[in-house]
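Worksheet: one structure, shown below.
The values are calculated or read from the model by the stated rules, or taken from the named source; none is laboratory data. Since the model is a prediction, treat every value here as computed from it, not as a measurement. Here the Cβ positions follow ideal geometry from the backbone for every residue, glycine too, while neighbour counts run over all protein chains shown. For accessibility, only protein heavy atoms count, side chains too; no ligands or nucleic acids. Shrake-Rupley method; radii C 1.70, N 1.55, O 1.52, S 1.80 Å.
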Amino acid sequence: MLALICGQGALPTRIVQNCSVRPLIASLAQFQPDELVPDINFRLETLGTLLDLLNQRDVTKVCFAGGIRRPDINPTLIDESTQPLAASISEALAKGDDGALRVMIEIFEQAGFDIIGADDIVPDLLPAVGVLTRRLPTLQDHKDATRGAEVIASISNLDLGQACAIVNGQVLAMEAYGGTDWMLNSLTPRVSSWPLGGVLFKAPKITQDRRFDLPCIGLETCQQVKDAGLSGIVIAHAGVLVLDVEDVIAEADRLDLFIWVCEAPL
């Protein structure tokens, strides 16, 4: 049986919709899913109890999907089953995003669960190589995409973000704690004073475990890219999830943006 450890956003719902058998849904109490009703709510302070419950429900595979933030830990709420994991949880929370996720994955694997990626369940979330839209990237867009790939490669070991905005070879912004939404929204004022054009480039970090935390784009990304004055979106093939790909393509066409799925590295 599959368990979906889900956070916020549309991805968990898409996964459930593509499962022939509904998975068991578990969610951090502080980050309830947008559209799903969890079977189990848990806190990190009760992670050990969650693992026990998953075993009792005959869960063998686990998929992580959706957005969360680092929750605050209340030591007084750590239950008996979680006490042996307390040191590992503290270690995870002290690391960057990648390090924290790896520690959490290790906890689940050591408990006997196989970790699978969202694309293992919904392979259509990873579109094929090529330009998906009517609008095509220009030669400068190709150059900006190459620059974007270099930027993501250079910051991978710093455990920052998975996206950047490039125009005429210049880095306008890099994704960090606030995520892609915050980065793009921060660029919106430039449309009245800065040169327009450029690309949003998204790719997983070089050392990323692709079973979890793959970057993602959706309908809202298109509008944010347009509002930021960029010309299009470039994503790394097999490394960026696209929610509702046909709808996203239609929205990009409506906004006169391009979406290019490129081989990585460029």
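Pick from A250, A163, A65: which is most flexible by mean-square fluctuation in a GNM of the chain where alpha carbon atoms under 10 Å apart are linked?
Fluctuation is largest for A250.
For region 122-139, just list the computed ³J(HN,Hα) in residue order, Karplus coefficients 6.51, -1.76 and 1.60, θ = phi - 60°, integers in Hz, with x standing in for Gly and Pro.
Karplus values, whole Hz, x for Gly and Pro: 10, x, 5, 5, 10, x, 6, 4, x, 8, 8, 10, 5, 6, 10, x, 7, 4.
Given a 1.4 Å probe and every protein chain left where it sits, what share in percent of the accessible area of the chain is carbon and sulfur? Present the calculation step by step, with values, prior to reporting the outcome.
On the way: 6460 of 12470 Å².
Ligands and nucleic acids excluded, carbon and sulfur give 52 percent.
Using the Karplus curve 6.51 cos²θ - 1.76 cosθ + 1.60 with θ = phi - 60°, what ³J(HN,Hα) values do you get for each residue of region 61-72, in whole Hz, with x for Gly and Pro?
10, 10, 10, 9, 8, x, x, 9, 10, 5, x, 6
Relative to the longest principal Cα axis of the chain, at what angle does helix 245-254 sit, 0 to 90 degrees, rounded to 10?
So the helix axis and the longest Cα principal axis differ by about 30 degrees.
What accessible surface, in Å², does a 1.4 Å probe find on R135, ignoring ligands, DNA and RNA and rounding to the nearest 10?
About 80 Å², ignoring ligands and nucleic acids.
Counting only Cα atoms, I'd like the Rg/Rh figure for region 224-266, Kirkwood definition for Rh.
On the way: Rg = 10.7 Å, Rh = 11.0 Å.
Expressed as Rg/Rh, it is 0.97.
Mind listing which GluC sites (Glu not before Pro) in region 3-85 are in a DSSP loop and have 10 or fewer other Cβ atoms within 10 Å?
Values: sites: E35, E45, E80; in loops: E35, E80.
Filter output for region 3-85: E80.
Mean-square fluctuation check for the chain, GNM, Cα pairs under 10 Å: which of I121, I217, I235 is largest?
I121
Tell me, what is the 1.4 Å probe accessible area of L257, in Å² to the nearest 10?
My reading of the accessible area for L257 is about 0 Å².
Could you identify which residue out of V59, V234, V199 has the top mean-square fluctuation in a GNM of the chain using Cα springs shorter than 10 Å?
Its mean-square fluctuation being the largest, the pick is V59.
For the chain, what does the accessible surface come to per residue with a 1.4 Å probe? Please give it in Å². The partial results should precede the final answer.
Working: 12470 Å² over 266 residues.
For the chain, the solvent-accessible area averages 47 Å² per residue.
For V62, enumerate residues with amide H under 5 Å from its amide H, sequence gap 5+ or separate chain, H modeled in the peptide plane.
Answer set, sorted by chain and number: A3, D114, I115, I116.
On alpha-carbon atoms, Rg over Rh for region 1-110 using Kirkwood Rh? All intermediate terms of the calculation are to be shown ahead of the outcome.
On the way: Rg = 13.5 Å, Rh = 14.3 Å.
A ratio of 0.94.
Out of the trypsin sites (Lys or Arg not before Pro) in region 47-117, which ones are loop residues according to DSSP with at most 16 other C-beta atoms within 10 Å?
Details: sites: R57, K61, R69, K95, R102; in loops: R57, R69, K95.
Filter output for region 47-117: R57, R69, K95.
Output the antiparallel fraction of DSSP beta bridges having both residues in the chain, as a percent to the nearest 5.
Values: 11 of 37 bridges.
Percent antiparallel among DSSP bridges in the chain is about 30.
Karplus couplings for region 225-232 from phi (6.51 cos²θ - 1.76 cosθ + 1.60, θ = phi - 60°), rounded to Hz, Gly and Pro as x?
Those phi angles translate into 5, 4, 4, 7, x, 7, 8, x Hz.
Among V62, V21, what's the order by accessible area (1.4 angstrom probe), most exposed first?
Values: V62 0, V21 110 Å².
Listed by decreasing accessible area, they come as V21, V62.
What does the net charge come to around L24 if you take all other residues with beta carbon closer than 11 Å to its beta carbon, with K and R at +1 and D and E at -1?
On the way: positive: R22, R57, K61; negative: D39, D58.
Here the count lands on +1.
Given just the C-alpha atoms of region 102-252, how large is their convex hull per residue in cubic angstrom? Don't skip to the answer; put the middle values down first.
On the way: hull volume 16.5 nm³, N = 151.
For region 102-252, the hull spanned by Cα atoms encloses 109 Å³ per residue.
When all protein chains stay in place, what accessible area (Å², nearest 10, 1.4 Å probe) is found for M174?
For M174, the solvent-accessible surface is approximately 90 Å².
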